[in-house]
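The numbers here are math on the coordinates, done by the rules we state, and not lab data. Only a predicted model underlies this, so the values are computations on that prediction, with no experimental measurement involved. Here the Cβ positions follow ideal geometry from the backbone for every residue, glycine too, while neighbour counts run over all protein chains shown.
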């Protein structure tokens, strides 16, 4: 039988939760810059190319990958793959070994996977083609959950009364009258159903009209989540807020989360800074500014970069004459990724789906090279043949490796720069 039991929760946890709710609901937290790059690699155009590494990832747990449609390389190097045809999300280490256990068996049963994203808290966000975004926390599943907060016992210091309040109820009161209500105890539940729900995947956000079709999701570094919606033709920002408290199996406390709509980043249109059928997303925070990259399959500018200046003021950040903004540059690009932390110069990777290749650009949008080709001949007369990939729908990069969801071939391919192959693990 599940039971409820009182636990002494440190007041710092309660206050941090309430303060977090206040900041996230009514203000803006300070922006944090991305970690500095471990090295700054500079490559000339010359003969530097992306080389297809041996050992494609084609199966997980004995089940072949089928239409892998998105992937993320997390902060720890773990690569999550949205295996659309099998309705599941799987993970590999950097050398390609499938990863099991630690809650990953929960990441199944999806009807129409479209996208995944991850933030610095190791929250994995999941879009399943409809108006909902789900999330699953990698760290919480590693450690395990012992109990979930049922309610706080709170005393009203003015009236002398006590009351039972949920996490969100207490947080709402704390934001308006922080000195009036004091938590005197907390009652936790070890109900297996509640623990299972906390471990997820759980509903993170649901668009209120029920019409949204989310096809992209990306976690920011500062309590933000970005989503692309092909029904309303917009890119939106959600705010990450704590929704409840858990005690983990190691005795520490952690939050469950929910998303709250914040603002539009880009809305319907065919010009710069607008969007039509948006898909893949990537987010950076640098120098106190948000940079949101997105791809789209209609309109005029199919890969865009939006810069936020101030609060809620967004500007197109690619120059109109750069290569990435050329009208005929892409054919149905599905995803975009920026390799800032390793390359040190924010190279941009685009899954150019119907051209069966990946295009690589420098930070201002100048074309650098392709991945997914083989070259016949040498020098300026070399012929580029794009026969390695078939309808690639997603890209990711982590410390020298470019990962590509080669959707038409039902596999994950890896590439490395010809100048860096010897540094790649597992080679």
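Cut-off is 10 Å between beta-carbons; in what order do 395, 324 appear when sorted fewest neighbours first?
324, 395
Using 7 Å Cα-to-Cβ label points, what is the residue 300/residue 209 separation (nm, one decimal)?
Each label point is offset 7 Å from its Cα along the Cβ direction, giving 2.5 nm.
In whole angstrom, how far apart do the alpha carbon centroids of region 176-197 and region 212-229 sit?
The two parts, judged by their Cα centres, are 29 Å apart.
What list do you get for 260, 145 if you sort them by fewest beta carbons within 10 Å?
260, 145
Can you give the translational diffusion coefficient of region 81-153 in µm²/s, computed by Stokes-Einstein from the Kirkwood radius over Cα pairs at 10 °C and 1.306 mPa s?
116
Please report the relative contact order for region 250-341, taking Cα pairs under 8 Å with a sequence separation of at least 6, and give it as a percent rounded to a whole number.
Once normalised by length, the contact order is 24 percent.
Calculate, for residue 169 and residue 93, the FRET efficiency according to 1/(1 + (r/R0)^6) with r their C-beta to C-beta distance and R0 41 Å; round to the nearest 0.05.
The calculated FRET efficiency here is 0.45.
Normalising by the residue count of region 41-148, find the relative contact order in percent from Cα pairs under 8 Å and 6+ residues apart.
Reported as a whole number, the value is 18 percent.
Determine the distance separating the Cα centre of region 252-288 from the Cα centre of region 78-131; give it in Å without decimals.
Centre-to-centre (Cα) distance: 20 Å.
Using only the Cα atoms of region 140-264, what do you get for the radius of gyration and for Dmax, in Å?
Calculated on Cα positions, Rg and Dmax stand at 17.4, 52 Å.
Apply 1/(1 + (r/R0)^6) to the Cβ-Cβ distance of residue 102 and residue 56, taking R0 = 22 Å, and write down the FRET efficiency to the nearest 0.05.
Taking R0 as 22 Å, the efficiency between residue 102 and residue 56 is 0.35.
Against the empirical 2.2 N^0.38 Å scaling, what ratio does the C-alpha Rg of region 236-338 come to?
The reported ratio for this selection is 1.34.
Which percent of Cα pairs goes in each bin when the distances of region 243-294 are cut into 5 angstrom slices starting at zero?
4, 13, 15, 16, 13, 12, 10, 8, 5, 3, 1
Just rank 196, 420, fewest to most, by other beta-carbon atoms within 10 angstrom.
Ascending number of Cβ neighbours within 10 Å: 196, 420.
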